[in-house]
Amino acid sequence: MDDKIKALYQKVIIRESKSPYHYEKPDTFDLAIEADNPVCGDRFELFLSLDGKKIDAVHFTGYGCAISKAATSVLLQIIEQQEIAVAKTRISHFLDFIQNPDTAVRVEDLDENLQAFAAARDFPERQSCVTLSWKALDQSV
Amino acid sequence: MIHTDIPAIRDQFPIFAWHRQENLPFVYLDNAATTLKPTPVIEAMHDYYSNYSSNIHRGLYPIAVRASKAYEDARVKVQQFFGAAHPEEIVFTQGTTAGINLVAAAFAGGLLQPGDEILLSPMEHHANLVPWQQISAHHNLRLRFLPMDAAGNLQLDQLDTLADFPIKLIAIVHISNTLGHINDLETIIAWAKQRNIRVLVDAAQSAALYPMDVQQLGMDFLVCSGHKMYGPTGIGVLYGKKELLEQMPPYQSGGDMIKKVGLYSSTFADIPHKFEAGTPPIAAAIGLGAALDFLQTLNRPQWLTHLDQLTDYTIRQLREIPGLKIMGEAQKRSHIISFTLQDIHPHDIATFLAQEGIAIRAGHHCTQPLMQHFDTGASARASLSIYNTQEDIDALIQALHHIQSFFNS
């Protein structure tokens, strides 16, 4: 099995996809966001609890591949307890890193959990898996 | 188990030589998405573009005459391939989807009455579902669905329970692109004929290798795609019974499909030209003709036997993998196999296989209602064709074992 593929699926992605963070629908929430990729059938629902301008908690449920599930799980951990404006900046940073070949964002600028997705840059056909929930959240909040 | 000369067949598909030359592994198991293209098809298209590229019909110079003849010769080849009574019963389309949209608009939209019903199955490709939803909404038609059991087999013994509904058309897939199940067309068409119900057969997955005599089977419409028959993309076939095509109003309008045009009204060409507005995909039609010539060189029953054996082998090997589940249990199956492997998502499986040079497809395969029937979002799908070998299958199986141990470690 070659190194590129191992790098893509390194421990973080396997771990996060097998035991995703806050993987349940909460009893109460303020905002539900659908992250849907009709091409491949991946579909998550994200549930946000807000406290003023702060994201108090996020949960999610749904169906998707290891990469999209892990990317959603890590997203939740990145934005929880953050001001919305800060969360938005972090999201746009990460999206730029994954999607923009000329990005100014360096791997070491990213949280350790996010660095695991760097290998997705070598797999253009899997970038939509990484960005699915991130884009949905970016557009909805 | 190998009866047929696979090396000789592989030699006719230059894509294998290219991969060898580049020293890249290449196991192609995505034939339900599109088949590979043999040299005669590529050469026929190359010849047209290189030597007699011109528009068809009405051109008076030699290469235009040659192009028109090649295009119409391709139509005759299609007619003969499917055993149609007349060449004008063959309409060139962009593909299966375009053919179904044509019949939906011109037959269902043009000839059916509000309240009339169209019978489909839950295993249809979106191409044989969404156009009917759209036309039904616009013309107050109603959709009804054949019952299907848990294993994905249509329950044709229950056809008679539908006898009292005003069904005017059955649109049914011959081979499920997801499950590989082969539907019993004879039973469906016989039942429909007794009730004067028209039948459209989606033959996208079967047209290449399964014998399909439209007069013997008696369907009213048949649609298929050139690129799943070793031909080019962008070309497909609609077969329609002459009297039906003649009754149906035009679908798309414009150049080439007219008889006489005035400022405020026009009259239309005879079939098939009535349904071929604009410049058609000439090179692709010629390429499809070459693909049919290629198919005629094969002993198709013998190849089907070989593929049945290779499919049996594949299924036996897949079943040896713990946690692997094959979708559906076909009463009669083709060479398409969908499966899931524990909770490893099919896209992850496909990405790993791609790294080993093995091409499969993963996802809902444009059959979302069928996936819901099986309570899953996606499956991995391996689909076989004439150039596949036992070594290809062994490579797939070995890679699946690797994937499983990687995800379980």
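Sort B:110-121, A:106-117 by packing, meaning the average of other beta carbons within 10 Å per residue, with the highest value first. Present the calculation step by step, with values, prior to reporting the outcome.
Values: B:110-121: 17.2, A:106-117: 15.7.
Put in order of decreasing packing, that is B:110-121, A:106-117.
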- Query: When Cβ neighbours within 10 Å are restricted to other protein chains, what is their mean count per residue of peptide B:341-350?
  - Reply: 5
- Which residue fluctuates the most in chain B, going by a Gaussian network model with Cα springs under 10 Å, if the choices are B:Lys37, B:Lys325, B:Lys77? B:Lys325
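Hey, got the average number of other protein chain Cβ atoms within 10 angstrom for residues in A:62-70?
4
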- Item | Of B:Lys168/B:Lys241; B:Lys168/B:Lys242; B:Lys37/B:Lys241, pairs whose Cα-Cα distance is over 20 Å | B:Lys37/B:Lys241
- Task: Indicate the gyration tensor shape class of chain B (rounded, prolate or oblate), computed on the Cα atoms with a ≥ b ≥ c the square roots of the eigenvalues: a/c under 1.5 is rounded; otherwise a/b larger than b/c is prolate and the rest oblate.
- Result: oblate
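Could you list B:Tyr230, A:Tyr63, B:Tyr61, B:Tyr28 in order of exposure, starting from the residue whose Cβ has the fewest other Cβ atoms within 10 Å?
B:Tyr61, A:Tyr63, B:Tyr28, B:Tyr230
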- Of B:Lys69/B:Lys228; A:Lys18/A:Lys69; B:Lys77/B:Lys259; A:Lys53/A:Lys135; A:Lys25/A:Lys54, which ones are farther than 18 Å apart at the Cα? B:Lys69/B:Lys228; B:Lys77/B:Lys259; A:Lys53/A:Lys135; A:Lys25/A:Lys54
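Among B:6-13, B:207-214, what's the highest-first ranking by average C-beta atoms within 10 angstrom per residue? List each step's numbers first, then the result.
Working: B:6-13: 15.6, B:207-214: 20.1.
Descending mean neighbour count gives B:207-214, B:6-13.
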- Radius 14 Å from Cβ of B:Gln309, net charge of other residues (Lys, Arg +1; Asp, Glu -1): -1
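Once the other residues with Cβ under 14 Å from the Cβ of A:Asp111 are scored (Lys, Arg +1; Asp, Glu -1), what is the net sum?
In short, -3.
Quick one: order B:Ile403, A:Ile98 by neighbouring beta-carbon count within 10 Å, fewest to most.
On the way: B:Ile403 24, A:Ile98 20.
In order of increasing Cβ crowding within 10 Å: A:Ile98, B:Ile403.
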- Among rounded, prolate and oblate, which fits the range A:6-124 when a ≥ b ≥ c are the square roots of the eigenvalues of its C-alpha gyration tensor, a/c under 1.5 means rounded, and a/b larger than b/c means prolate? oblate
- Task: Among B:Arg316, B:Arg142, B:Arg75, A:Arg43, rank each residue by its count of other Cβ atoms within 10 Å, from fewest to most, as a rough exposure measure.
- Result: B:Arg316, B:Arg142, A:Arg43, B:Arg75
- Query: Roughly how crowded by other chains is peptide B:378-384, in terms of the mean Cβ count from those chains within 10 Å of each of its Cβ atoms?
  - Reply: 1
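With the Cα gyration tensor of the range B:97-226 giving a ≥ b ≥ c as the square roots of its eigenvalues, does the rule (a/c under 1.5 for rounded; else a/b larger than b/c for prolate; else oblate) give rounded, prolate or oblate?
Values: a/c = 1.40, a/b = 1.18, b/c = 1.18.
Judged from the Cα gyration tensor, the range B:97-226 comes out rounded (a/c under 1.5).
Counting only helical runs of four or more DSSP H residues, what would the 222 nm mean residue ellipticity of the protein assembly as shown come to if each run contributes -39,500 (n - 2.57) and the total is spread over all its residues? Numbers along the way, then the final one.
Working: 20 runs with 218 residues, N = 550.
Only helices count here, giving -12000 deg cm²/dmol.
Read the figures in this text as sums done on the coordinates, not as results from a lab. Because the structure is predicted, anything quoted here is derived from the model rather than measured. Glycine also receives a Cβ, built like all others from the backbone with ideal geometry; neighbour counts cover every protein chain displayed.
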